[in-house]
Amino acid sequence: MPTVLITGCDTGLGREFARQYADAGWTVWATYRDLAQAPDDTRMQHAALDVTDFAQFEALKQRIGDTPIDLLISNAGVGLDTGQLGTLDFGHVERMLAVNLVGALRLVETFVDRVAASEQRRIVFITSRMGSIGSNLSGGHYGYRASKAGLNALGRSLAIDLFPRGITVAMVHPGWVSTAGGGPRAPLSAEQSVQAMRALVGRLGNHETGVYLSHDGQPLPW
Ligand SMILES: NC(=O)c1ccc[n+]([C@@H]2O[C@H](COP(=O)([O-])OP(=O)(O)OC[C@H]3O[C@@H](n4cnc5c(N)ncnc54)[C@H](OP(=O)(O)O)[C@@H]3O)[C@@H](O)[C@H]2O)c1
C-alpha cells in the first residue's frame with residue numbers, strides 16, 4: 001500500500017486526511033505540532049513535527065529512513081488576525097510566513113528524495129483561495145494572503161524543478177471548511193472536503209503538475 005506523510009494532524013483537515021487514508025489502508029505518517037494531540041489510533045505512525053522547528057524535520061527524517069513517501073501533504077497552516085494598517089501585528093505576519101510558507105518549503109527540502117523514490121510521487125500543498133492575487137477584490141489579510149500566494153509561487157517553481165524526477169505538485173484550496181481555521185459557519189465539513197481532495201489528488205497526472213485548484217477540481221486564478 002502507498003505511504004502518505006501529512007503535517008498539522010492535530011486538528012481539522014490534517015486529522016481527517018490521516019483518518020481517511022488510514023481507512024483506505026495506506027501507511028500513514030501523521031505529524032503533529034503537539035504530539036499530545038495524536039489520537040489513539042494504532043493504524044498510523046504518529047510523530048512530532050512543528051514545521052518551524054528545523055531540528056524536528058531532521059529527527060523525523062532519521063526515523064522515516066528509506067521509506068518511500070508516495071504522497072507528501074503540506075497541510076499545517078495558521079490564519080491569524082493581523083489587525084488594521086497602522087497597528088499591524090507583525091508578530092502574526094511573521095508567524096504565518098514561518099508556518100504557511102517557510103515550513104512548507106522545508107518539508108519538501110527534507111523529504112523530496114523519499115517522494116522521488118516512491119511509485120506515486122505526489123506533493124500537495126494545502127493552500128487557499130485567499131492566496132489568489134487575481135481574485136483579491138476585498139483587500140486586507142496581508143499576512144495570510146501573502147503566505148498563501150508565496151506558497152503558490154514556490155509550489156509552481158517546485159513543479160517545474162521536480163518534473164524531470166516524475167514528481168507531480170499541486171496547490172489545492174480545500175473549500176470553506178468548518179474547522180478551527182474555517183469557523184463554524186463554513187458550508188463544508190472536513191470529511192466532505194478531504195473526500196473531494198483525495199479524489200482530486202488521486203487522479204492528478206504528471207502532465208498536470210503545477211496546478212492551482214479548488215477541492216472540486218475548479219482551476220483558480222493566480
Ligand atoms: N478551513 C478552511 O476553510 C480553509 C480554507 C482555506 C485553506 N485552509 C488551509 O487548510 C489547512 C488546514 O487548516 P484547517 O482548516 O484544518 O484548520 P486547523 O484545524 O486550524 O488546522 C491547522 C493545523 O495546522 C497545525 N499547525 C499550526 N502551526 C503549526 C506548526 N508550526 N507546525 C505544525 N503544525 C502546525 C495546527 O495545529 P495546532 O492546532 O496544534 O496549532 C492545526 O492542526 C491550513 O493550511 C489552512 O490555511 C483552510
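Bear in mind that the values in this text are calculations on the coordinates, not laboratory data. Source: prediction; values computed, not measured. Cβ coordinates were reconstructed from backbone atoms using ideal geometry, including for glycine residues, and neighbour counts include every protein chain displayed.
For the reader, a short list of remarks on this structure follows.
- Index of the failed condition, LEU88 passing every other in (1) over 15 Å from GLY8 (Cα atoms); (2) within 14 Å of the ligand (Cβ to nearest atom); (3) in contact (Cβ under 8 Å) with a residue 24 or more places away in the chain; (4) part of a loop (DSSP other than H, G, I, E, B): (2)
- Here is the figure for the range 1-20: residues that are more than 13 Å from the ligand (Cβ to nearest atom), touching a helix residue (DSSP H, G or I) at 6+ places or on another chain (Cβ under 9 Å) and among the hydrophobic types (A, V, I, L, M, F, W, C) total 1.
- Residue list for the range 21-48, restricted to those being surrounded by fewer than 18 Cβ atoms within 10 Å (Cβ to Cβ) and within 14 Å of the ligand (Cβ to nearest atom): ASP34, LEU35, ALA36, GLN37, PRO39, ALA48
- Assessment of the range 200-208 against the conditions (touching a residue at least 40 places away in the same chain (Cβ under 8 Å), within 11 Å of the ligand (Cβ to nearest atom) and in a helix (DSSP H, G or I)) yields no matching residue.
- Selection status of GLY83, over 12 Å from the mean Cα position of the chain (by Cα), in a loop (DSSP other than H, G, I, E, B) and farther than 19 Å from SER193 by Cβ: yes
- Of the residues making up the range 14-39, those that are touching a strand residue (DSSP E or B) at 6+ places or on another chain (Cβ under 7 Å), part of a helix (DSSP H, G or I) and under 24 Å from SER118 (Cα atoms) are GLY14, PHE17, ALA18, TYR21, ALA22.
- Within the range 49-70, the residues that satisfy the criterion of being under 25 Å from VAL201 (Cα atoms) and within 16 Å of the ligand (Cβ to nearest atom) are LEU49, ASP50, VAL51, PHE57, LEU60, LYS61.
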